[in-house]
Amino acid sequence: MIDALDQPFLQRALLAGLLASVACGLIGSYVVAKRISSLTGGLAHAAFGGVGLGYLAGFPPLLGATGFALLAALLVGEAQRRLGEALETWVSIVWSVGMALGIVFVALAPGYAPDLMSYLFGSLLFVSWETIAWIVALDVLILGSVAVFHPLFEAVCFDEEYAEVAGVRAEAVFLGLMGLTALAIVTVIRVVGVILAIALLTLPATTARHWTSSLRGMMALSVALSAASIVGGLVLAQALGTAFGVSVPPGPLAILLAAVVYAASSGLQRRTAATPPPG
């Protein structure tokens, strides 16, 4: 793998994966703490509508994905605040309509969409410098927002009613958090695709929660776990290609590694909790 890093495409893939892990670790921790994982699935799939619109209108698909994901974040965020039990219905609508629009837009677009599958399932090995620049821009926006508004996000995640009593505009803060979640999803679309984005956003953060009660600690550990999963997926993809001559995309392998780490962490946590203290 070290020798293979001389290849420019692997350098881009590694850089894109590490950059995406920053957004995943930070925002995924909020998502897990607030218990809104199901909402993020709707945002991820809605983003595909913007990908299709990009193909149809001739602008970068990631730009369209960003717009659609932010619009879906606004709709789902408002639904979560106002509809209560009907929320799951709205998430399902946003989920399915976004995917359907994406398929229709692609069908209407002239010519053939050669890298369409990369937006569905990821294409980390073929990521471009333009995509990396877009991920950097989104990371900067996410990092800046977290640095400035973390106390408000934390308050809304753990005790929204108390936050409102303390004078926090909980609805605006929650919608802002949903918007950042949408941006985080866009950063991982080319890494693991629309279909698997929710997994990379939530699995490392859920694993991190096993070992720390601090949200800041959870963020740091989640970023590290996300990065380790992505790097591990790249290494495993290269190893399979070298040893067996098979081409397996690193994105799904990264998700599988994250799932294995989560399962191992859950088992270790239960065993640790069941072990009586000495003496």
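The values are calculated or read from the model by the stated rules, or taken from the named source; none is laboratory data. Since the structure is predicted, the reported quantities are computational estimates derived from the model, not experimental observations. Note that we place each Cβ from the backbone using ideal geometry, even for glycine, and neighbour counts take in every protein chain shown.
Selection of first residues in the stretch 170-185 that are free of Cβ contacts under 8 Å to residues at least 60 places away in the same chain and of second residues that are assigned to a helix (DSSP H, G or I) and of a type in the set (Val, Ile, Thr), restricted to Cβ pairs under 9 Å at least 6 apart or on distinct chains, gives the following pairs, ordered by first then second residue: ALA170/VAL156; VAL173/VAL156. Looking at the stretch 100-207, the helices (runs of 4 or more DSSP H) lying wholly inside it that each contain 2 or more residues that are more than 19 Å from the chain's Cα centre (by Cα) sit at 129-158, 160-165.
With respect to the stated conditions, VAL246 is over 28 Å from ALA147 (Cβ atoms) and assigned to a loop (DSSP other than H, G, I, E, B). Restricting attention to the stretch 130-162, the residues that are under 30 Å from PRO61 (Cβ atoms) and in contact (Cβ under 8 Å) with a residue 60 or more places away in the chain total 12.
If I ask for residues that are closer than 18 Å to GLU78 by Cβ and buried (at least 20 other Cβ atoms within 10 Å of the Cβ), which ones from the stretch 91-109 would you list?
Correct list: VAL91, VAL94, TRP95, GLY98.
Examine the stretch 208-219 for a residue that is charged (D, E, K, R), under 16 Å from GLY25 (Cα atoms) and surrounded by 15 or more Cβ atoms within 10 Å (Cβ to Cβ), and state whether such a residue exists. Yes, the conditions are met somewhere in the stretch 208-219.
Tallying residues that are over 13 Å from ALA197 (Cβ atoms) and not aliphatic (A, V, I, L, M) within the stretch 26-65 yields 15.
Restricted to the stretch 187-207, and to residues there that are out of contact with any Gly (no Cβ under 7 Å at 6 or more places or on another chain) and at pLDDT below 95, the residue that is surrounded by the fewest Cβ atoms within 10 Å (Cβ to Cβ) is ILE195.
Check whether at least one residue in the stretch 1-13 is outside any helix (DSSP H, G or I), under 22 Å from ALA254 (Cα atoms) and β-branched (Val, Ile, Thr), and report yes or no. Yes, the conditions are met somewhere in the stretch 1-13. In the stretch 205-226, the condition of being closer than 16 Å to SER123 by Cα and in contact (Cβ under 8 Å) with a residue 60 or more places away in the chain is met by no residue. Would you confirm, using the coordinates I've provided, whether SER247 is among the hydroxyl-bearing types (Ser, Thr, Tyr) and modelled with pLDDT of 90 or more? No, not satisfied. Applying the criterion of being surrounded by fewer than 24 Cβ atoms within 10 Å (Cβ to Cβ) and within 12 Å of the chain's Cα centre (by Cα) to the residues of the stretch 33-57, the residue that is nearest to ALA109 (Cα to Cα) is GLY41.
Taken over the stretch 49-67, residues that are more than 14 Å from TYR112 (Cα to Cα) and outside any helix (DSSP H, G or I) amount to 2. State which residue is surrounded by the fewest Cβ atoms within 10 Å (Cβ to Cβ) when the search covers only the stretch 232-276 and only residues that are in contact (Cβ under 8 Å) with a residue 60 or more places away in the chain and touching a Pro at 6+ places or on another chain (Cβ under 9 Å). Top of the filtered list is VAL235. Cβ-Cβ contacts under 7 Å between residues 6 or more apart (or on different chains), taken from a first residue in the stretch 8-29 that is more than 19 Å from THR212 (Cβ to Cβ) and buried (at least 24 other Cβ atoms within 10 Å of the Cβ) to a second residue that is modelled with pLDDT under 95 and of a type in the set (D, E, K, R), are listed as ALA16/ARG190.
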